[in-house]
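Student: What follows is a structure written as structure tokens; I'll ask about it next.
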Amino acid sequence: MNYTAKMLREDALKDKVIVITGGGSGLGKSMTKYFMELGAKTAITSRDLEKLQATAKELEAETGGQCLAVQCDVRHYDEVEKMLQEVLSHYGKADVLLNNAAGNFISPTERLSANAFDTIIDIVLKGSKNCTLAFGKHWIDIKQESSAILNIVTTYAWTGSAYVVPSATAKAGVLAMTRSLAVEWAKYGIRSNAIAPGPFPTKGAWDRLLPGDLKEKFDLAKKVPLKRVGDHQELANLAAYLVSDFSAYVNGEVITIDGGEWLKGAGQFNLLEAIPEDMWDMLEAMIKAKKNKE
Ligand code: HXC
Ligand code: NAP
């Protein structure tokens, strides 16, 4: 099976202007690259301008497309407004906002300082809110016919997760914002959707969530029914679809792409997978024998 193939036709995002927060690394970079291959004009933003400029140069060389690097700490509304203005003066418009920037690390919650907790909430929830509000106000002001917001959340946005409590709290808020605005802003032609990825290896996430030998101790692929981690192109395919006009009727949806990971953790009897085939004959006989005695 070839799950790394590119999904959409070549001009699927032709001339769409897409702003990707946290687009200088990891999944943001992979999605940006595919958008450019599909004809989009992109702007990548984060705190580290040098990294953004290097990524933009690399992606332009690889795809022949356009990528603007804009420094912006999403925690600060004034920086977000400035970033939007820079995109507008460079490209003349913005069609899509992809809230991908995030901060995260593992820690027992009682070890966190108030500032540590705030830092994650500020990047993930306040940052997504800042960008959404600035872009939304702009689109509504100019009566833009159609635009889209895509938020990257996680599956623990609805299950919660121990040891990443600030991130889980913030991502839950982003998911609530996605669904709320899908209804409220539909009248302005603004769609809101989210993607909940399972494990997709990136340096940013793995260094903070699986430091040292945790990578070997907790092989995340083992938690996935499909027995593998995700490939960046699979996520890029889904993101490209959700920001394209092909998904014009998809609004307020969160699409999970995790190989079945979170459901495996949720189903009460899923652990019975450990039972070997031949033991099932014995178990069936035991259950039936009990019934015959009732
Ligand atoms: C406890 C910690 C900590 C840790 C930082 N802090 N790391 N506390 N354990 N490991 C505390 C600091 O002591 C400080 O509190 C506060 O947090 C802020 O830290 P700073 O380093 O000053 O913050 P800043 O420079 O803004 O950096 C933010 C960051 C950093 C989140 C801490 O890791 C970062 O820049 N991350 C961006 C990229 C990222 O996180 N990518 C992963 C996304 S993965 P005090 O009180 O001392 O001042 C993801 C995947 C989810 O979301 C699902 C995967 C399957
Ligand atoms: P990553 O490479 O660390 O990406 C996070 C990005 O956010 C970085 O480019 C970072 O750039 C940017 N960022 C952090 N703080 C910022 C701020 N204050 N302002 C602006 N930008 C900021 O990690 P990733 O794995 O690709 O994560 C991308 C997204 O996928 C995140 O939303 C994450 O929660 C989600 N996700 C990932 C996985 C996975 O398995 N990898 C699973 C589920 C969800 P700077 O440091 O330059 O600012």
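Student: At a Förster distance of 51 Å, what's the computed FRET efficiency of E50 paired with V183, Cβ-Cβ distance as r, to 0.05? Display every interim value, and only then the final one.
Tutor: On the way: r = 40 Å, r/R0 = 0.79.
With R0 = 51 Å, the Cβ-Cβ based efficiency is 0.80.
Student: Accessible area per residue of the chain at 1.4 Å probe, in Å²? Mind dumping the intermediate values first?
Tutor: Details: 15510 Å² over 294 residues.
Ligands and nucleic acids excluded, the result is 53 Å² per residue.
Student: Let me check I've understood the local charge: for V229, count other residues with C-beta under 11 angstrom from its C-beta, Lys and Arg +1, Asp and Glu -1. What total comes out? Walk me through the numbers before you get to the answer.
Tutor: Numbers: positive: K222, K223, K227, R228; negative: D219, D231, E234, D258, E261.
Cβ neighbours under 11 Å give a net charge of -1.
Student: Let me ask something additional. Roughly how many percent of the accessible protein surface of region 176-221 is carbon and sulfur, given a 1.4 Å probe and a whole-percent answer?
Tutor: On the way: 1440 of 2370 Å².
The nonpolar share, carbon plus sulfur, comes to 61 percent.
Student: Any idea of Y188's accessible area? Nearest 10 Å², probe 1.4 Å.
Tutor: Solvent-accessible area, nearest 10 Å²: 90 Å².
Student: Calculate the FRET efficiency for A274 and K215 from the Cβ-Cβ distance with a Förster distance of 25 Å, rounded to the nearest 0.05.
Tutor: Numbers: r = 23 Å, r/R0 = 0.94.
With a Förster radius of 25 Å, E is 0.60.
Student: Work out, step by step, the length gained on full extension between L283 and Y163: first 0.36 nm times the residue separation, then minus their alpha carbon distance; give nm to one decimal. Spell out each step's value before the answer.
Tutor: On the way: separation 120, 0.36 × 120 = 43.20 nm, distance 3.72 nm.
Residue separation times 0.36 nm, minus the Cα-Cα distance, leaves 39.5 nm.
Student: While we're looking at this one, here's another question. State the percent of C-alpha pairs, over all pairs in region 1-136, separated by a distance greater than 24 angstrom.
Tutor: Working: 2949 of 9180 pairs.
I get 32 percent for the Cα pairs in region 1-136 exceeding 24 Å.
Student: Residues with amide H under 5 Å of I255's amide H, sequence separation 5 or more or different chain, H placed in the peptide plane at 1.01 Å from N; which?
Tutor: So I255 has HN proximity to A194, I195, A196.
Student: What does region 157-278 give for Rg and for Dmax, in Å, if only its C-alpha atoms count?
Tutor: For region 157-278, the Cα radius of gyration and maximum Cα-Cα distance read 17.0, 59 Å.
Student: Still on this structure, please answer the following. If you average the alpha carbon positions of region 1-57 and of region 232-276, how far apart do those two centres end up, in angstrom?
Tutor: 21
Student: Okay, next question. What trypsin sites (Lys or Arg not before Pro) in region 135-219 are in a loop by DSSP, with at most 11 other Cβ atoms within 10 Å of the Cβ?
Tutor: Working: sites: K137, K143, K171, R179, K187, R191, K203, R208, K215, K217; in loops: K143.
Listed in order of number, the matching sites are K143.
Student: Can you pull out the GluC sites (Glu not before Pro) in region 138-247 whose DSSP state is coil and whose Cβ has at most 13 other Cβ atoms within 10 Å?
Tutor: E145
Student: Using 7 Å Cα-to-Cβ label points, what is the K293/V250 separation (nm, one decimal)?
Tutor: Reported label-point gap for K293 and V250 is 5.4 nm.
Student: State the Kirkwood hydrodynamic radius of the chain in Å, one decimal place, computed from all pairs of distinct Cα atoms.
Tutor: Details: mean 1/r = 0.0490 Å⁻¹.
By the Kirkwood definition, the hydrodynamic radius is 20.4 Å.
Student: What net charge do the residues around I121 carry, taking every other residue with its C-beta under 11 Å from that of I121, with Lys and Arg at +1 and Asp and Glu at -1? Don't jump to the answer; show the numbers that get you there.
Tutor: Working: positive: R75, K126, K129, K171; negative: D118, D122.
The answer is +2.
The values are calculated or read from the model by the stated rules, or taken from the named source; none is laboratory data. These numbers were taken from a predicted model, which means no experiment stands behind them. With ideal geometry, Cβ positions are generated from the backbone for all residues, glycine too; neighbour counts draw on all protein chains shown. For accessibility, only protein heavy atoms count, side chains too; no ligands or nucleic acids. Shrake-Rupley method; radii C 1.70, N 1.55, O 1.52, S 1.80 Å.
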